[in-house]
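All of the numbers you see were taken from the coordinates with simple rules; none came from a lab. Predicted, not measured: the structure shown is a model, and the values here were computed from it. Here the Cβ positions follow ideal geometry from the backbone for every residue, glycine too, while neighbour counts run over all protein chains shown.
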Amino acid sequence: MSSPLPPNVHLVDHPLVQHKLTLMRNKTASTNSFRRLLAELASLMTYEVTRDMALQDVQIETPLETMTGKMIDGKKLVFVSILRAGNGILEGMLNVVPGARVGHVGLYRDPKTLHPVEYYFKMPQEMDARDIIVVDPMLATGNSAIAAVDRLKKLNPKSIKFVCLLTCPEGLKAMHDAHPDVPVYTAAVDRQLNDHGYILPGLGDAGDRIFGTQ
Ligand code: URA
């Protein structure tokens, strides 16, 4: 029997999410369909990760009378993409929350140590007033995600969540050990990492499959 998930993990097991993820994993999926499915999946994941967002009362006029409706202040939300594969998730998330701001963190994995090296960091202003959702399709070793969250915590945001499509026990443990306060939303927890830091069975190199660079 598989071991229980760390308490900060939200497994998004909705049938539509699982169906689309299986289509993406298939090595015969074209770049075009991989990208389209990723956008669709990202929209569905956004639905889950924003479930507890605060609402504010807004007075509006319907064609018949005045009423108090509820609205999200999307401008307080920042999606932070870990380059480059994180950018593949942004489109689908912004389709659902078009008012969100976007930040980018550039981290490459040193192929020998598998440790992250930062080469780019650009965020909106007033991060201390914002809720952050960090996105990267694959939480593998966890090194990039941990480094990105380390860096973002220095900006004192109101909250940080992490969204990926796929992860593995090693990545979840590393993330939980480093940042137990950061909820992780994922569509699947795969079996293991291989020696090159790839998730098995996984879906291959997410960046290459999104951008057709293989
Ligand atoms: N990054 C990827 O793109 N795929 C993996 O399996 C692991 C990290």
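If I take every Cα pair under 8 Å that is 6 or more residues apart in segment 9-211, average their sequence separation and divide by the length, what percent do I get for the relative contact order? It rounds to 23 percent for segment 9-211. What the phi angles of segment 24-35 give under the Karplus curve with 6.51, -1.76 and 1.60, with θ = phi - 60°, is a coupling list of 5, 5, 4, 5, 7, 5, 6, 4, 4, 6, 4, 5 Hz, glycine and proline written as x. Out of all DSSP beta bridges with both ends in segment 9-211, state the antiparallel percent to the nearest 5. Roughly 35 percent of the DSSP beta bridges within segment 9-211 come out antiparallel.
Under a 5 Å amide H cut-off, with hydrogens placed 1.01 Å from N, TYR108 pairs with VAL117, TYR119 among residues at least 5 apart or on other chains.
Here, segment 1-116 is characterised by an Rg to Rh ratio of 1.07, where Rg is the alpha-carbon radius of gyration and Rh the Kirkwood radius. Neighbour counting of Cβ atoms within 10 Å sorts the residues THR186, THR31, THR50, THR62, fewest neighbours leading, into THR62, THR31, THR50, THR186.
The angle between the Cα long axis of helix 143-153 and the main principal axis of the chain comes to about 30°, on a 0 to 90 degree scale. Shown for THR113, THR28: other C-beta atoms within 10 Å of each C-beta, ranked fewest to most, produce the order THR28, THR113. Centre-to-centre separation between the Cα atoms of segment 153-214 and those of segment 107-143: 11 Å. Seen against the Cα atoms of the chain and their longest principal axis, helix 169-178 is set at about 60 degrees.
Please identify the longest segment of the chain free of exposed trypsin sites (Lys or Arg not before Pro), where exposed means a DSSP state other than H, G, I, E or B and no more than 15 other Cβ atoms within 10 Å.
Working: sites that count: LYS27, ARG51, LYS112, LYS154, LYS158, ARG191.
Within the chain, the longest run free of exposed trypsin sites (Lys or Arg not before Pro) spans 52-111.
Checking the cross-link pairs LYS70/LYS161; LYS76/LYS154; LYS27/LYS161; LYS76/LYS158 against a 20 Å limit on the alpha carbon distance flags LYS70/LYS161; LYS27/LYS161 as lying beyond it.
By how many degrees, 0 to 90 and rounded to 10, does the Cα axis of helix 87-96 deviate from the longest principal axis of the chain? Once rounded, one gets 20 degrees.
Listed values for segment 48-65 are Karplus-derived 3J(HN,Hα) couplings in whole Hz (6.51 cos²θ - 1.76 cosθ + 1.60, θ = phi - 60°), namely 6, 6, 9, 4, 9, 5, 5, 10, 10, 6, 9, 8, 9, 10, 7, x, 10, 6, and x replaces Gly and Pro.
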